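Laboratory data are not the source of any read-out in this text; all were calculated from the coordinates shown. Computed from a predicted structure; not experimentally measured. Because the Cβ atoms are built from the backbone with ideal geometry, glycine has one as well, and the counts that use them run over all protein chains shown.
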Amino acid sequence: MDLARLSINQMTTNQWTLRESIEGYAREGVRAIGVWRDKLAECGPNQARKILQDHGMTVSGHFRGGFFPAEDAKGFQANLDENRRAIDEAAAIDAECLVLVVGGLPKGSRDIDEARKMVRDGIAEVLPYARSAGVPLAIEPLHPMYAADRSCVNTLAQANDLCDELGEGVGIALDVYHTWWDPCLEREIKRAGKDRILAFHVSDWVLPVTDLLLDRGMIGDGAIDVRRIREWVGETGYAGFIEVEIFSGENWWKKDPREVVRICKERFEQYV
Ligand code: ZN
């Protein structure tokens, strides 16, 4: 894949601050970045915007909104407020979308249907605010192993259903790590189509997975046929950034980030 399409999610180089990531990616000719809220908070949206502009860097996604389900009405409202703040930040740094990790079960709950309703209602509540800020909301289905604590939206079909229901201003962040196993993936990518796919994340599934969150592999090292999924996405007409997103506490986060960026570029050309 052409390196002009490469974005790197800054979690891939978690050792770096936001400024260091922008500078480090720009040095290697990378034109886009996925930004995290905690990293953004270190320098603030105004300064971040300037650093991004100075380096000609596009924000392919802001991470993250979501986590809607709550134990009670007060908690639900607080979650909505938090999402509005995330929307403000995304607007301030001209992010192409705010990625939603929608949340799992409220503490003590076993009612996943109710959690899913809260997700739908939560997105519907913040959607007018997002539309007026010009920030598209990208629902990211997460692998079912996260259903209890991070996301009760686990398949692309579920995300497509939510988009059908909620209408304009909502789309999908498609991540190969979370969706590669799904027998309906090709069909649901077609169903989503170009207009609904707001972000496309790549990494790999490397056995044994030793940590639910922090053991993602480098593209080309594992079980996922990234090229095949990228072709399905390409067939929709999607021509946006393709973002390498690797959470890797024991491996990639321990390497020199400059080396990680170089390897991302090589693997992107070779396997995406
Ligand atoms: Zn992702």
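Annotations
- The chain - mean residue ellipticity at 222 nm from DSSP helices (-39,500 (n - 2.57) per run, n ≥ 4, rounded to 500): -14000 deg cm²/dmol
- For the stretch 192-272, the equivalent ellipsoid derived from the alpha-carbon gyration tensor has semi-axes of 24, 14, 11 Å in decreasing order.
- Förster radius 22 Å - calculated FRET efficiency between residue 212 and residue 120 (Cβ-Cβ, nearest 0.05): 0.30
- Highest average packing first - 74-80, 156-162, Cβ atoms within 10 Å: 156-162, 74-80
- Label-to-label distance, residue 131 versus residue 109, with points set 7 angstrom from Cα along the beta-carbon direction: 2.5 nm.
- For the stretch 25-72, the convex hull drawn through the C-alpha positions has a volume of 88 cubic angstrom per residue.
- For the Cα trace of the chain, dividing Rg by the Kirkwood Rh returns an Rg/Rh value of 0.94.
- Based on every Cα atom in the stretch 18-151, Rg and the maximum pairwise Cα distance Dmax equal 15.9, 48 Å.
- Packing order of peptides 194-203, 57-66, highest average first: 57-66, 194-203 (average count of other Cβ atoms within 10 Å over each peptide's residues).
- Karplus-derived HN-Hα couplings along the stretch 219-227 (A = 6.51, B = -1.76, C = 1.60, θ = phi - 60°), whole Hz, x at Gly and Pro: 3, x, 9, x, 8, 8, 7, 4, 4
- Estimated inter-spin distance, residue 232 and residue 50, nm [label 7 Å along Cα→Cβ]: 4.5 nm
- Residue-by-residue Karplus 3J(HN,Hα) for the stretch 152-163, coefficients 6.51, -1.76, 1.60, Hz, glycine and proline x: 8, 9, 10, 10, 5, 4, 4, 5, 4, 4, 4, 4
- Mean sequence separation of contacting Cα pairs (under 8 Å, at least six apart), scaled by the length of the stretch 37-173, corresponds to a relative contact order of 24 percent.
- Between residue 223 and residue 187, the modelled labels are 2.2 nm apart [label points 7 Å from Cα along Cα→Cβ].
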